[in-house]
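Structure first, commentary second.
The values are calculated or read from the model by the stated rules, or taken from the named source; none is laboratory data. Since the structure is predicted, the reported quantities are computational estimates derived from the model, not experimental observations. Neighbour counts run over all protein chains shown; Cβ positions are idealised from the backbone, glycine included. Areas reflect the complete protein model, heavy atoms only, side chains present, ligands, DNA and RNA absent. Shrake-Rupley method; radii C 1.70, N 1.55, O 1.52, S 1.80 Å.
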Amino acid sequence: LLKIAPNVRPEALGGGFQIDGASGSENVFVVDGQEVTNFRTGTLNSNNNLPFELLQEVQIKSTGFEAEYGGATGGVINAVTQGGNNDWHGNFGISFKPSKFQGDPNISLNTYDVTSATGFDYFQPNKDGGTDFFPVASISGPIIKDRFWGLVTYAPQIFETTRRIDYYSSRSPSRTITNTLEYSQTERTEQAFARLDAQPVSSLRMFGSFLWNPIVRDGSLPGSTSGLAGSDALSVSDYAARGGRQNSNAVNGQVTWTPSNSVVLNFRSGRSF
């Protein structure tokens, strides 16, 4: 979504997305009023790169934003999650992205220094295989009509990648392939979300939400140019045994009270991990 907004462009060397020329590390990311910006890098953690199915609205503020977003010298990206209403809705399906529909990798230019020569090596890595899957199951509706609503969504993001590495006899124009090994990795970002909205009286509105979004990685991949320089083939079993888990969750709540036409009181609390 950021790519299609005015004054916004992706810049890998500038900390992510530049807004009005400011680096990505100067932006602030907010979900339902709670800031989720990485406190160390100033960017957005991949856990909080929420799928479309969880979002109702995304606001990109590049200038003149409110004082509640203090600390942003770049832009403010404010995401509002979906909630229930008086009608029952369901969303069930899956989308996928096969790697064979993606472009070929760029040619790499690597410097090398072996006993026989010093110079550059042009290298065309093999194209990665695998398919990415994006299933979704969501249901929302009234718990008590006109007073209490709920929504539950599960939309994991599953990235399956296979990488074929050719191992060469040397870094030279006459090099020959001595071995070819295939490695695999599965990365799964869980995205389970629940939200409750309530309006017991016309002047009081409240909501609470819970997001469970750990990243689980099974296996690991060597670099696409690791087969150069005639190095020994890396063990497939060693890479298959690698992986890890990055836990993440967020709890958020808000109460808005409008005692009169000229006074609005808003109370908000949250915790992200």
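Some points to look at:
- When the test is whether a residue is basic (Lys, Arg), modelled with pLDDT of 95 or more, surrounded by 14 or more Cβ atoms within 10 Å (Cβ to Cβ) and under 22 Å from the mean Cα position of the chain (by Cα), ARG195 passes it.
- Within the range 237-255, residues that are under 17 Å from LEU211 (Cα atoms) and touching a residue at least 60 places away in the same chain (Cβ under 8 Å) have Cβ atoms under 9 Å from residues that are acidic (Asp, Glu) and surrounded by 13 or more Cβ atoms within 10 Å (Cβ to Cβ) in these pairs: SER248/GLU190; ALA250/ASP32; ASN252/ASP32; GLN254/ASP32, counting only partners at least 6 apart in sequence or on another chain.
- Only one of the numbered conditions (1) part of a strand (DSSP E or B); (2) open to solvent by less than 80 Å² (accessible area, probe 1.4 Å); (3) farther than 24 Å from ALA192 by Cβ is not met by ALA250, and that is (3).
- Residues of the range 46-96 that turn out to be among the aromatic types (Phe, Trp, Tyr) and open to solvent by 80 Å² or more (accessible area, probe 1.4 Å), as a count: 4
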